[in-house]
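Trainee: Take a look at the following structure, please.
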Amino acid sequence: MSPDARKAWAMACISASAAFLVGGYEFVRSTTASLFLEAFGSSAMPYAMTLVPVLMAVLIYLYGKVLSRLGPLKTLQLSFGLTALAFALAYAAVKSGSRTAVAALYVFAEAYIVILVEQFWAFIDSTLDPSKAKVYNGPILGGASLGPILAGTLLSRFAVSLGSETFILLSGAVLLPTAALAYAAYKLAGEPQPSAAEREGRLGAVHLRLILDTPVLLLIALVVSLSQVYATMTNLRLYQLLEVAIPLKDARSAYLGAFWTQCNAVAFLMQFVLTPLLLKRLPLKALLMGIPAIHAATALALLLHPSLGSAALALMLFKGLDYSVFRASKEVLYIPLSYDARYRAKQVVDAFNYRFSKGATAGLLSLVQSLLGVLPGWAYPAAALAAAAAWLAAAAPLGEQAPTAPKA
């Protein structure tokens with residue numbers, strides 16, 4: 001088999017692996033959100049989100065230490081095993097009626113997925129060159145989206161009959177095929193290797209200095225932060241409106257399952273059709289600026305016409321674009337960078353920063369609520385609109401960072 005063919009098959013395997021991974025996350029995301037709403041109410045969500053960055057900091061540091069000792073493939077496989085164990089223990093605790101377990105699972109579910117997803121993208125960014133990435137990134141995302149589409153459909157149909165808690169256990173079970181397919185991808189394409197200076201984590205478990213010394217990483221971090229401020233505000237507004245519109249737990253789980261299925265279906269179409277076309281026809285700057293411009297428009301619509309439907313539309317467009325055009329475009333920027341940038345700094349820039357920004361936003365909301373009481377509903381889309389405007393401004397210099405040199 002030729003090297004190009006091996007890479008193509010490796011990308012097919014990693015896409016299929018991601019389908020199982022994100023499908024399992026679909027089970028646990030909707031389930032834990034519904035369980036949390038029943039146990040604590042939507043007003044407590046900002047407090048739980050505040051804890052996510054703390055857990056993420058610990059997990060990413062441990063990931064960096066393990067990566068230094070085991071390398072990318074064994075670290076990924078160990079991550080799968082420990083996550084499956086965590087889900088099994090959480091299932092037992094939630095079934096026993098533990099409200100603490102519900103809160104802990106909600107926090108863990110927000111953390112584990114981004115750490116695993118960034119390990120997948122570190123492998124992809126280390127395997128493909130920029131020209132191949134513009135062709136493969138959209139279909140990789142499209143194949144991966146089949147998992148959550150199917151999972152959301154199953155959840156919407158069977159949440160009431162099987163019970164929400166059952167899907168926690170299923171989230172762990174699907175990590176078995178996830179691990180097998182990821183292993184095959186690594187064996188086909190080869191395991192990425194650090195430079196001599198980067199071996200065994202000599203420059204640090206997460207190599208934070210690299211972020212400060214690399215302008216493109218700082219710009220990506222800023223854009224990711226602003227995108228998560230937007231996402232947090234629209235997400236919380238959706239849950240506020242959902243709590244009022246659908247008060248029953250299992251019915252909410254079913255609604256959320258159907259909603260996320262629709263999000264993934266929209267992303268699926270964007271990934272296979274829109275993303276490759278746009279990456280080929282338009283410069284990165286146009287893509288990276290056009291995305292926040294769209295979000296500013298939907299935030300304005302939610303501000304002027306508040307409803308469950310307008311909130312769902314705003315979040316659906318965000319997730320659809322985030323899972324397709326934005327992700328595929330942003331990953332191209334990592335390809336010329338070093339091993340440590342892709343496997344270590346990326347966990348901070350894209351994973352920790354992703355959840356820290358969400359948690360920091362939630363923490364600020366918690367503080368404001370403790371001082372002023374529950375915020376009016378219009379405050380959330382207003383803040384989302386401001387975040388989208390700032391994101392648009394930050395995207396301009398980021399778009400100038402398209403790869404022009406060979407991969408390090």
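No value in this document is a laboratory result; all are computed from the given coordinates. Please read these numbers as outputs of a predicted model, since none were measured by experiment. Positions of Cβ are backbone-derived with ideal geometry, glycine not excepted, and every protein chain shown enters the neighbour counts.
Trainee: What Kirkwood hydrodynamic radius do you get for segment 1-141 when you take the inverse of the mean 1/r over all pairs of distinct Cα atoms, in Å?
Mentor: By the Kirkwood definition, the hydrodynamic radius is 16.8 Å.
Trainee: Which of the pairs Lys249/Lys346; Lys187/Lys319; Lys187/Lys358; Lys95/Lys346; Lys95/Lys330; Lys65/Lys330 have their Cα atoms more than 29 Å apart in this structure?
Mentor: Lys249/Lys346; Lys187/Lys319; Lys187/Lys358; Lys95/Lys346; Lys95/Lys330
Trainee: Now for a different question. Fewest to most neighbouring Cβ within 10 Å: what's the order for His305, His295?
Mentor: Lowest count first: His305, His295.
Trainee: If I take every Cα pair under 8 Å that is 6 or more residues apart in the chain, average their sequence separation and divide by the length, what percent do I get for the relative contact order?
Mentor: Contact order relative to length: 31 percent.
Trainee: Still on this structure: Among the aspartates and glutamates, select those whose C-alpha is under 18 Å from the C-alpha of Lys285, and discard any that sit fewer than 8 residues away in the same chain.
Mentor: Within the straight-line limit of under 18 Å, Lys285 reaches these aspartates and glutamates: Asp322, Glu331, Glu400.
Trainee: Another question, then. Going toward the positive end of the dipole of the chain, with +1 on Lys and Arg Cβ and -1 on Asp and Glu Cβ, which of Ala8, Tyr230, Ala93 do you reach last?
Mentor: About the Cα centre, the residue reaching furthest to the positive side is Ala8.
Trainee: So how strong a dipole does the chain carry about its Cα centre when Lys and Arg Cβ are +1 and Asp and Glu Cβ are -1, to the nearest 20 debye?
Mentor: Once rounded to the nearest 20, the dipole reads 420 debye.
Trainee: Using the Cα atoms as the points, what is the convex hull volume per residue of the chain in Å³?
Mentor: With only Cα atoms used, the chain gives 127 Å³ per residue.
Trainee: Assuming R0 = 25 Å, can you tell me the calculated FRET efficiency for the pair Asp250 and Ala88, based on Cβ-Cβ distance, to the nearest 0.05?
Mentor: 0.65
Trainee: With springs connecting C-alpha atoms under 10 Å apart, model the chain as a Gaussian network and identify which of Ala267, Ala388, Ala297 has the largest mean-square fluctuation.
Mentor: Greatest mean-square fluctuation among the candidates belongs to Ala297.
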